[in-house]
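Please read the structure below before turning to the comments.
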Amino acid sequence: MNRWEFLPVNLRVLDRNCAVVGSGPLADRKQELLQKAGARVLRIRPEQALREWPEGLALVVIVGLPVEKARELTHWCQRENIPVNVAENPGISTLLFPSVVDRSPVLVAVSSSGDAPVLTRLVRDRLESSLPQALGRLASLAGRFRDRVKLTFKEVNQRRRFWERTLDGRVAELVYAGQDQEAQQLVDDLLSAPEKTMKGGEVFLVGAGPGDPDLLTFKALRVMRQADVVLYDRLVSPEILGLVRRDAEMIYVGKARSDHALPQQSINQLLVEKALAGHRVLRLKGGDPFIFGRGGEEIDTLADHGIPFQVVPAITAASGCAAYSGIPLTHRDYAQSVRFITGHLKEERLDLDWSALVQPNETLVFYMGLISLPHISRELRAHGMPDDMPVAVVSRGTMPDQKVLTSTLAEVDEKVKESGIPGPTIIIIGRVVELRGRLNWLGEP
């Protein structure tokens, strides 16, 4: 068993005297921390004799003193059973100040026992970015109901299950969405009918982004780990599916050309059935659920059945693929607007207002356009777009095996056929594609 050098504890200094010995910016920061914890902070000069120090100190902090003087004061503190922190010298300290993630009343402290303070800050920053800002409000809400929960649920395991479902479910999401009053009312309702507690279901419509797991939003990752049932699309990468709760029921509802695992109406009905059965349902979609993702149709059905739902947006495929290809979709010198267009053929046709799409200083982005690329190229040129208009075809954008093919509108179809570039793809048409040669930060060919 590894031995700890310091015991991680919380020290109550509220309304107690604490001394800071030393001066300078670091001493000021230590004073601010102590005051934040409600301490009465006394600043003591290093030359001040020990007999002049006040009695009943809860903590002493020493900053910027020579080592021998610091040792002398530390020995005195130890004889008096006063915890002492010597800044930047953990070897003679009996207490360390950790790096703190502040979600009051939730405080997360990170320490390396003084060995690697920069690493400690990096870990703190990672935690800082992953914990919701409203976590403290959720903790305060739980505190207000703590006694009532004890009265309602006599068994420890009952209380544990209640809090797990409450703090990681609908109540938490209401607080994170700024609906504290609604969250409090929901907890009150749950405790008023404990036999029905947490039996209601909910649906999370979540965008999985263009493929790279690092591009998921924090909220998406949080709700992915809450889901009991997951309905996922073809374009959701295996790496992202691996982040879902391991014991969740996984249901594939993907769509490929002429191959739909489930018709859209059946998907809508399945969401309803699983939610009515009391499950937390995750509808996981590639890209953003509201951009060619039929998310509006699905939540419209949920609304008809009175089922609670949330929508978690994501980086859409166009934005992610363009960024990872070094192609800005807009640029002051090249394009002042951008259009997102579905390239999905219907009855072997693509009925679009082609004349309206041929505009100067505009970028066109076609989703699902690989099969219809010959039709797109032909119609745009027929309606006045120049043959030499730059085109980029991005395959499996943002993923490690991303491929980018660049060409012109007149030649892109033949070049795609020769390359055998695989789907799924995003097709970018416009002068901004010319910038890829200079802005290709991934460095791929």
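Where a number appears in this text, it was derived from the coordinates with a stated rule and is not lab data. Computed from a prediction, not measured in an experiment: that's the story for all the values here. FYI the Cβ positions are ideal-geometry reconstructions off the backbone, even for glycines, and counts take in every protein chain you see.
Which label belongs to the value computed from this structure, given these candidates for P(r) over Cα pairs in 10 Å bins from 0, in percent: (i) 4, 20, 30, 26, 15, 4, 0; (ii) 4, 16, 19, 17, 16, 14, 9, 4, 1, 0; (iii) 4, 20, 28, 23, 15, 8, 3, 0? The listed entry that was calculated here is (ii).
Give me the net charge of Ser319's neighbourhood, meaning all other residues with Cβ under 13 Å from the Cβ of Ser319; Lys, Arg count +1, Asp, Glu -1. Net local charge, Ser319 excluded: -2. Taking every DSSP helix (H) stretch of at least 4 residues in the chain, weighting each as -39,500 (n - 2.57) and dividing the sum by the residue count yields a mean residue ellipticity at 222 nm of -10500 deg cm²/dmol. Helix 67-79 and the longest principal axis of the Cα set of the chain meet at an angle near 70°. Of all beta bridges that DSSP places with both ends in the chain, some 40 percent have antiparallel geometry.
A simple rule links phi to the HN-Hα coupling: the Karplus curve 6.51 cos²θ - 1.76 cosθ + 1.60 with θ = phi - 60°, which for segment 31-43 gives 4, 4, 4, 5, 5, 5, 8, x, 7, 8, 9, 10, 8 Hz, with x for Gly and Pro.
If you run the Gaussian network model on the chain, springs between alpha carbon atoms under 10 Å, then out of Lys403, Lys69, Lys415 the most flexible one is Lys69.
Taking a Cβ cut-off of under 10 Å around Gly136, the surrounding Lys, Arg, Asp and Glu residues balance to a net charge of +1, with basic ones at +1 and acidic ones at -1.
Checking the Cα-Cα distances for Lys219/Lys285; Lys255/Lys403; Lys36/Lys219; Lys30/Lys69; Lys285/Lys403 against a 25 Å cut-off, the pairs over it are Lys36/Lys219. Among the trypsin sites (Lys or Arg not before Pro) found in segment 301-353, those both in a DSSP coil and sparsely packed, with 12 or fewer other Cβ atoms within 10 Å of their Cβ, are Arg332. By how many degrees, between 0 and 90 and to the nearest 10, does the Cα long axis of helix 135-152 differ from the longest principal axis of the chain? With both axes taken from Cα atoms, the answer is about 70 degrees. Are there any GluC sites (Glu not before Pro) in segment 317-400 that are in a DSSP loop and have at most 12 other Cβ atoms within 10 Å? List them by number. In loop regions of segment 317-400 (DSSP not H, G, I, E or B), the sparsely surrounded GluC sites (Glu not before Pro) are Glu347, Glu348. For the peptides 135-148, 159-172, residues were scored by their other Cβ atoms within 10 Å and the scores averaged per peptide; the highest-first order is 159-172, 135-148.
Summing Cβ point charges (Lys, Arg +1; Asp, Glu -1) relative to the Cα centre of the chain gives a dipole of roughly 1560 debye. Please determine, in degrees from 0 to 90 and to the nearest 10, the orientation of helix 180-192 with respect to the longest principal axis defined by the Cα atoms of the chain, where the helix direction is its Cα long axis. Value to nearest ten degrees: 80. Binning all Cα-Cα separations of segment 80-234 at 5 Å, short to long from zero, yields these whole-percent fractions: 1, 7, 14, 14, 14, 13, 11, 10, 8, 4, 2, 1, 0, 0.
Measuring r between the beta carbons of Gln158 and Ala356 and using R0 = 60 Å, the FRET efficiency lands at 0.45.
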